[in-house]
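Novice: This is the structure, below, for whatever I ask next.
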Amino acid sequence: MAHELYPEDRLAIGEVLSLHGHLFDGGHLGRLGEIFTPDVVYDMSAVGVGTFEGIAAIRGAALHLGPGNPVAHHVTNVVISGESDGTVTALSKGLVIRADGTLASVNHHDSLRRHDGGWRISRRVISPQHTPLGGAHLADAGDR
């Protein structure tokens with residue numbers, strides 16, 4: 001059974017998800033401990049980038065990608081659920097603007113837990129959104 005989250009938890013979790021874009025877009029990679037647990041798993045394999053374990057690996061991947069990084073990350077449509085083990089699941093949509101001006105839409109599936117006095121992302125899975133209706137055909141667009 002899911003546990004109830006207090007309004008201040010929901011606000012803090014939303015701020016962590018939003019801070020992600022500000023830190024990456026501003027190049028503040030030394031502050032990633034404010035949004036991630038030390039043992040974070042950041043899975044971008046569905047977008048062809050790979051999976052990274054730990055803050056240092058994420059920082060290194062961002063630096064390696066260099067100008068290939070998006071210039072802007074925007075998070076929207078956040079849905080937060082408390083889990084029975086005290087963790088939180090957050091589903092959100094992401095829009096990224098690339099240096100060439102193109103736009104991409106992704107889905108974030110985040111697991112968060114308390115660490116160092118606040119909520120931190122312990123696992124993030126990013127998947128692209130290329131097709132309407134999640135790829136479902138209209139004939140089978142019923143609830144899955």
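Novice: For the stretch 56-94, give me each residue that is farther than 23 Å from Gly14 by Cα and small (Gly, Ala, Ser).
Specialist: Ala56, Ala57, Gly60, Ala61, Gly66, Gly68
Novice: Here's a follow-up. Look at the stretch 13-38 and say how many of its residues are farther than 14 Å from Ile55 by Cα and either assigned to a strand (DSSP E or B) or under 15 Å from the mean Cα position of the chain (by Cα) (or both).
Specialist: So the count comes out to 10.
Novice: Another question, then. State all residues of the stretch 61-72 that are farther than 14 Å from Thr102 by Cβ and in contact with a Gly (Cβ under 8 Å, 6 or more places away or on another chain); if no residue qualifies, say none.
Specialist: Ala61, the sole residue that qualifies.
Novice: Give me a count of the residues in the stretch 94-107 that are open to solvent by 20 Å² or more (accessible area, probe 1.4 Å), assigned to a strand (DSSP E or B) and not aliphatic (A, V, I, L, M).
Specialist: 2
Novice: Restricting to the stretch 75-88, count the residues that are assigned to a strand (DSSP E or B) and surrounded by fewer than 16 Cβ atoms within 10 Å (Cβ to Cβ).
Specialist: Keep residues of the stretch 75-88 that are assigned to a strand (DSSP E or B), which gives 75-82, 88.
Remaining after also requiring surrounded by fewer than 16 Cβ atoms within 10 Å (Cβ to Cβ): 76-77, 79, 81.
Matching residues across the stretch 75-88 total 4.
Novice: Then there's this: Scan the stretch 85-103 for residues that are of a type outside the set (Val, Ile, Thr) and touching a residue at least 40 places away in the same chain (Cβ under 8 Å) and jot them down. Lay out the reasoning, then the answer.
Specialist: Kept after step one, since they are of a type outside the set (Val, Ile, Thr), are these residues of the stretch 85-103: 85-86, 90-95, 98-101, 103.
Gly86, Ala90, Ser92 - these are the residues of the stretch 85-103 that are of a type outside the set (Val, Ile, Thr) and touching a residue at least 40 places away in the same chain (Cβ under 8 Å).
Novice: Can you tell me how many residues within the stretch 30-65 are open to solvent by less than 20 Å² (accessible area, probe 1.4 Å) and either aliphatic (A, V, I, L, M) or in contact with a Leu (Cβ under 9 Å, 6 or more places away or on another chain) (or both)?
Specialist: Going through the stretch 30-65 one residue at a time, the tally reaches 6.
The values are calculated or read from the model by the stated rules, or taken from the named source; none is laboratory data. On a predicted model such as this, the values are computed, not experimentally measured, just so you know. Positions of Cβ are generated from backbone atoms using ideal geometry, with glycine treated the same way; all protein chains shown enter the neighbour counts. In case anyone asks, the SASA skips ligands and DNA or RNA and just uses the protein heavy atoms, side chains included. Shrake-Rupley method; radii C 1.70, N 1.55, O 1.52, S 1.80 Å.
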